[in-house]
Amino acid sequence: MRLWSIQPESLYMKLKEEKVLYCDPAQSELISEYSFGPAYVWLAGQMVLRVGRPPVGVKYPFWAWHTMEWKHRKPDLRRTEFRSYSENQVCIELEVPDKDVLLSNEDMWHLVLNDGYYGDYSNEREYEAEDNWYNSLLPAEQLRIKQKSWEKIFDVSPPWENEWESHGKYIQATFWELRLDQVIEVRHFKGRKKY
């Protein structure tokens, strides 16, 4: 499976030396600084169920893009998403075995990050009915149903979109290890964020 992972240039230099790297949570500001740890723990658990166990001592996966704006191709590094880095970056194009990758809906991943319920509504009336039902549940049942609802982020095909959500427009990929022998191409780009 062809994927594109955005990483600090320093990480790529380390990959060239060590040949295989694993996610270092201390280097991920989304885990360490933004309190998204519980969502990442949940995703890691789903990876164990769907892809298999990580190497010993590995807690979190690496991330990459599979699809942006409905297209499975190199990301356009001029996009806004890639302008918020303060240090130099690389876009690493990889070929990773399908069996080692978990794909998910990047838009709806934000529900997991924000500890929200992923409902089945398609209009305002359905939303209100489902919201009333969900809010009537006991907290333990809400938690169970909410976490089960998150599994819908792994439904990435067929692509479709309505006013409430899109499937397949932005697809992210997670995998346990970054391997130099899977690298196809590396594009360097400058960080633009100023402090």
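Just so it is clear, none of the values below were taken in a lab; they were calculated from the coordinates. Quick caveat, the model's predicted, so the values are computed rather than measured. Cβ: placed from backbone, ideal geometry, glycine included. Neighbour counts: every protein chain shown.
Among the chymotrypsin sites (Phe, Trp or Tyr not before Pro) found in region 1-59, those both in a DSSP coil and sparsely packed, with 11 or fewer other Cβ atoms within 10 Å of their Cβ, are Tyr34. For region 40-106, the alpha carbon convex hull comes to 134 Å³ per residue, rounded to a whole number.
Percent of Cα-Cα pairs per 10 Å bin, from 0 to the last occupied bin, for the chain, please list those. Using 10 Å bins, I get a P(r) of 8, 31, 36, 17, 6, 0 for the chain. Our helix-only sum for the chain, with -39,500 (n - 2.57) per DSSP H run of n ≥ 4 divided by its residues, gives a mean residue ellipticity at 222 nm of -9000 deg cm²/dmol. Counting only alpha carbon atoms, the long axis of helix 124-135 and the longest principal axis of the chain meet at about 90°. For region 1-71, the list of trypsin sites (Lys or Arg not before Pro) that fall in a loop by DSSP and count at most 13 other C-beta atoms within 10 angstrom reads Lys19.
For region 89-195, GluC sites (Glu not before Pro) meeting the loop criterion (DSSP other than H, G, I, E, B) and having at most 12 other Cβ atoms within 10 Å: Glu163. Percent of Cα-Cα pairs per 10 Å bin, from 0 to the last occupied bin, for region 127-184, please list those. Per 10 Å bin, starting at 0, the Cα pair percentages come out as 16, 32, 30, 15, 7, 1.
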